[in-house]
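Engineer: Take a look at the following structure, please.
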Amino acid sequence: MRNEGIGSWPLRRARLSPDKVALTFGGRTTTYRELDDRVTRLAHGLSGLGVGSGDRVALLSANHPGYLEALFAAGLLGATFVPLNARLTAAEIEYALRDCGASVLIHSAATGDIATGAAHAVDLRGRVVLDGPDDHGAPGYEKLLAASAASRIDEPVGHADPCFIMYTSGTTGRPKGVVLTHGNIVFAVMNAVIDLDLHSDEIALVCAPLFHTAALDMVALPTLLKGGNVLIEPGFDAGRVLEVLEHDRVTYAFTVPTMLDQMTAHDRWPGTDLSGVRRILVGAAPVPPRTLRTYTERGVKMCQGYGLTEAGPGTLVLTPDNAERKLGTAGVPHFFTDVRIVDADGRDVAPGERGEIQISGPNVMRRYWNNPQATADAFADGRWFRSGDVGTADADGFVTIVDRLKDMIISGGENIYPAEVEAAILEMPGVTSCAVFGVPDRKWGETGCAAITLTPGTDIDHERLADFLTPRLAKYKIPKSILVLDEIPRNATGKIRKDILRSRYPQGDTRMPAGGADD
């Protein structure tokens, strides 16, 4: 084959295990032979819509096998796949389509209004309706496949060619398009296969969004590379996921901390049989020790991970054999990845000292799409990607994520890392979630405000929170204001949107007793 990219994977896997189940969705299964056929037909169908080497194919939908089929089909043509966040507004979708210069948009019927408007605004060559009939000239996905040829396509595609463009969440300014090459994806996937010890008989659950790299590069693609079965859920529902874990004997899944907490709070949790689960990878946000303990006590092997879209995303991993003795750390660098922790001058810090986490390796992106200035700013010494996260490494090289540099609170000259405060608050009975962010203070510059959600029937006041935290934290770290909310704003991967909290509550709320950095 001339195609060395991941678009060739369905054929390569079909040669080895054609009759094994590759995908399960909505009660229907697709074998590797069938996947190869569908991907080939989709590639021909996209070609008929004018897609060729170097073009961009976008997709807008909840989780669906079309994500993987379109990714592989674009790869067969030498085109670039652009998965779009299904929670974005019409204006945000229009921006991404225009920025990447997409040729064709594949979209679900549920996103039809947004997709149609955005497609007209940016003058796309065509649309395809993923899960519905023809729509104003846009063919239905299954109809397109049925009408397309099944003859082999073998375009020359190399590891340096772009595989997909994934837009960052854009919590500060416009989203940036992260360009990950076929080579980046190969090494990102191999990191997962090697370090998580994935098997060819995996039944891997995808319930996190496939428009983010964790579900795609850490679960779906590694499982398909090994010849396992990717079980796709349209989205996350705690009760449904617990049912699937037990009924389908799921062996591997990726979750974020808020998903884990919702499952343990569900009525099904005590009686669910989790004996088939070999490992659960958890990441995308700091994982409270309370959450990890809840699962390890049920015999579930937890792999904590840390990464970024720009690293494809795997950067650090804590495997089950180290989970107990290094609980709370994010682990060590993945096999093909290097990590360093440096001070403001770019010098390596000593074990236990805080610094910025920087990343290098063949899984790390080389550029942002059409944004050379952002690309240059993102790298130190032209090699090390600047994560913007603060971490420490112990003497064994295990890294603990302290917080985002931009979320750090400086109160009276003292640095306060919200993740540390949040972990302490989450130990308090009745607290279900927490986000600590900085608010202006005339005396101290800024102080912490804690946004908290509670279990029904639970109450909290300033005095009780302060009393609970006093033995656990230095006094200057204890939030000086508190918000009790019904829900804490998050993005699609479960990351807390502190920018929204800062915007909605610029002064915090009910003030706690005065105090600051010198208390």
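Engineer: Taking 22 Å as R0, compute the FRET efficiency from the Cβ-Cβ separation of Ser275 and Arg240 and round it to 0.05.
Structural biologist: Computed FRET efficiency for Ser275 and Arg240 comes out at 0.70.
Engineer: Something else now. Could you give the length gained by full extension between Phe335 and Lys443, i.e. 0.36 nm per residue of separation minus their alpha carbon distance, to one decimal place?
Structural biologist: Full extension from Phe335 to Lys443 adds 34.1 nm.
Engineer: Can I ask one more? How much length is gained on full extension from Asp486 to Asp459, taking 0.36 nm per residue of separation minus their Cα-Cα distance?
Structural biologist: Contour length minus Cα-Cα distance gives 8.5 nm.
Engineer: I've got another one for you. For Lys326, go through the aspartates and glutamates and keep the ones whose alpha-carbon is under 13 Å away, minus same-chain ones fewer than eight residues off.
Structural biologist: In chain and number order, the partners are Asp394, Asp396.
Engineer: Still on this model: Pull up all non-local amide H partners of Asp403: gap of 5 or more, or a different chain, and H-to-H distance under 5 Å with H placed in the peptide plane.
Structural biologist: The answer is Val390.
Engineer: Take the Cβ-Cβ distance between Ala146 and Ala90 as r, set R0 to 41 Å, and report the resulting FRET efficiency rounded to the nearest 0.05. If you can, show how the numbers build up before the last one.
Structural biologist: Working: r = 31 Å, r/R0 = 0.75.
The computed FRET efficiency comes out at 0.85.
Engineer: While we're looking at this one, here's another question. Along the charge dipole of the chain, pointing to its positive end and built from +1/-1 on Cβ of Lys, Arg, Asp and Glu, which listed residue (Leu483, Ser47, Leu198) has its Cα farthest out?
Structural biologist: Comparing the listed Cα positions along the dipole, Ser47 ranks first.
Engineer: May I pose another question? Whose amide H sits under 5 Å from the amide H of Leu23, counting only residues 5 or more places off or on another chain, with H placed in the peptide plane?
Structural biologist: Thr30, Val230
Engineer: Sort Cys100, Cys207 so the one with the fewest other Cβ atoms within 10 Å of its own Cβ comes first.
Structural biologist: Fewest to most other Cβ atoms nearby, the residues stand as Cys100, Cys207.
Engineer: So, one more: Determine the dipole magnitude for the chain: charges of +1 sit on the beta-carbon of Lys and Arg, -1 on that of Asp and Glu, nothing else is charged, the reference point is the Cα centre, and the result goes in debye to the nearest 20.
Structural biologist: Roughly 600 debye, rounded to the nearest 20.
Engineer: With Cβ to Cβ distances under 12 Å as the rule, what net charge do the other residues near Leu198 carry (K, R +1; D, E -1)?
Structural biologist: -1
Engineer: Let me ask something else. I'd like the Karplus ³J(HN,Hα) series for the stretch 88-102: coefficients 6.51, -1.76, 1.60, θ = phi - 60°, whole numbers in Hz, and an x wherever there's a Gly or Pro.
Structural biologist: Values, residue by residue: 6, 7, 4, 5, 5, 5, 4, 4, 5, 5, 6, 5, 7, x, 4 Hz.
Engineer: Is there a pair in Lys226/Lys406; Lys301/Lys495; Lys226/Lys301; Lys143/Lys176 whose C-alpha atoms are over 31 Å apart, and which pairs would that be?
Structural biologist: Numbers: Lys226/Lys406 39 Å; Lys301/Lys495 23 Å; Lys226/Lys301 21 Å; Lys143/Lys176 34 Å.
Where the Cα-Cα span goes over 31 Å, the pairs concerned are Lys226/Lys406; Lys143/Lys176.
Engineer: How large is the helix-only mean residue ellipticity at 222 nm for the chain, computed as the sum of -39500 (n - 2.57) over DSSP H runs with n ≥ 4, divided by its residue count, in deg cm²/dmol to the nearest 500?
Structural biologist: After summing the helix terms and dividing by the residues of the chain, the value is -8000 deg cm²/dmol.
Engineer: Determine which residues of the stretch 235-250 fall in the zone a paramagnetic label at Asp201 would reach in this model, i.e. backbone nitrogen under 18 Å from the point 7 Å along Cα→Cβ.
Structural biologist: Residues passing the 18 Å test: 246-250.
Engineer: Still on this structure, please answer the following. In nanometres, what is the gap between the two model label sites at Asp131 and Gln373, each 7 Å from Cα along Cα-to-Cβ?
Structural biologist: Rounded to a tenth, the inter-label distance reads 4.1 nm.
Engineer: Beyond 20 Å, how much of the Cα-Cα pair distribution for the stretch 408-511 remains, as a whole percent?
Structural biologist: Roughly 33 percent, rounded to a whole number.
Engineer: Could you calculate the contour length gain from Asp499 to Arg383, that is, 0.36 nm times the residue separation minus the distance between their Cα atoms, to one decimal place in nm? Write out the running numbers ahead of the final one.
Structural biologist: Working: separation 116, 0.36 × 116 = 41.76 nm, distance 2.93 nm.
Taking 0.36 nm per residue and subtracting the Cα distance, the gain is 38.8 nm.
Engineer: Calculate the FRET efficiency for Thr432 and Asp248 from the Cβ-Cβ distance with a Förster distance of 41 Å, rounded to the nearest 0.05.
Structural biologist: The calculated FRET efficiency here is 0.90.
Engineer: So who's got an amide H within less than 5 Å of the one on Val157, skipping anything under 5 residues away but keeping other chains? H placed 1.01 Å off N, in plane.
Structural biologist: Asn3, Glu4, Gly5
Engineer: How many nm separate the modelled label positions at Arg293 and Lys406, each set 7 Å beyond the Cα in the direction of the Cβ?
Structural biologist: So the two model labels end up 3.3 nm from each other.
Since every read-out is calculated from the coordinates, none of them should be taken as a lab result. Small disclaimer: the values here were computed from a predicted structure and weren't measured. Cβ: placed from backbone, ideal geometry, glycine included. Neighbour counts: every protein chain shown.
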